[in-house]
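Each remark here refers to the structure printed beneath this line.
The values are calculated or read from the model by the stated rules, or taken from the named source; none is laboratory data. On a predicted model such as this, the values are computed, not experimentally measured, just so you know. For neighbour counting, all protein chains shown are included, and Cβ atoms are generated from backbone atoms with ideal geometry for every residue, glycine included.
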Amino acid sequence: MTAIAINDLFVNRNGTEVLQGISFTVETGSVYALLGGNGAGKSTTLLTLLGFLSPHGGSVTVLDMDVTKQIDRLRRQIAYLPEAATLYPHLNAYENLEYFLDLAGMKTTQTQLDTTLDEVGLQAESRSRHMDNYSKGMRQKVAIALAILRETPVLLLDEPTSGLDPVAIDEFNALVRNLAELGKTILMVTHDVYGACQIADRIGLLRRGQLVGSFNAIEGEQIKTDLVHAAFAERANN
Ligand SMILES: Nc1ncnc2c1ncn2[C@@H]1O[C@H](COP(=O)(O)OP(=O)(O)OP(=O)(O)O)[C@@H](O)[C@H]1O
Ligand SMILES: [Mg+2]
């Protein structure tokens, strides 16, 4: 089953054609990594899926709903981790999670919060401290926890591992793989070739608003890092 379908998508920003006819699908219960250099159009793709930017050509469908027509219904089904997540520095991790989940109309128990913060690897002793004391990676862990706690069938993650140390990245990758096994559909945007190959069922290579390559994992084997890296580097030199 297809959870996300992008077909011949064109998006303009400030008069520039940022996405130039990209097409790809993400299957239910799979991880798709959209890889590309700075300014390629990765975040733009996610913002369009969330209905924050309007296409001027093509179509975007999530869970069989047209993004341009049913965005209010759709947003309840999508958790989004933005490139620079905004959490309140004068609140602690629990308070931030409770506040943002409340905005999404959700109630959670302390146990649920702790279980998810365990999963993302935020140390227990930090959780009650104001977040202005947090390192970048610690803040990122809380933002990831928030996306997971939304319990939506679809997750859009914009550079989720940015700021995380190598151990935290491995933990995050295992967590995302596990979410996919549980049936969640994950579209993540990243610069990290190695991390993408570790967890993605499919990788799309975006270059200047065009999808210039695609790699599939076959039979439980990981996509080969050197292949993707070579394609990424080759395109970057063009
Ligand atoms: N707020 C904006 N207004 C107008 N144009 C923008 C805006 N944000 C980005 N752009 C343009 O859209 C293009 C794609 O940007 P986008 O943020 O989607 O890239 P990206 O692949 O996410 O890059 P990065 O890896 O740096 O996050 C860039 O050329 C950029 O100049
Ligand atoms: Mg971006």
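Among the residues of region 176-205, just one is touching a Lys or Arg at 6+ places or on another chain (Cβ under 6 Å) and either without any contact (Cβ under 8 Å) to a residue 24 or more places away in the chain or within 12 Å of ligand 1 (Cβ to nearest atom) (or both), namely Val189. Among the residues making up region 177-193, those that are assigned to a loop (DSSP other than H, G, I, E, B) and surrounded by fewer than 21 Cβ atoms within 10 Å (Cβ to Cβ) are Leu182, Gly183, His191, Asp192.
I'd like to check something: does region 205-212 contain any residue that is more than 23 Å from Gly41 (Cα to Cα) and more than 16 Å from ligand 2 (Cβ to nearest atom)? No. Within region 33-67, the residues that satisfy the criterion of being part of a strand (DSSP E or B) and within 16 Å of ligand 2 (Cβ to nearest atom) are Ala33, Leu34, Leu35, Gly36. The condition of being part of a helix (DSSP H, G or I), touching a Leu at 6+ places or on another chain (Cβ under 7 Å) and not assigned by TED's automatic domain parsing to the domain that holds Asp102 holds for only one of Ala145, Ala168, Ala231, that being Ala231.
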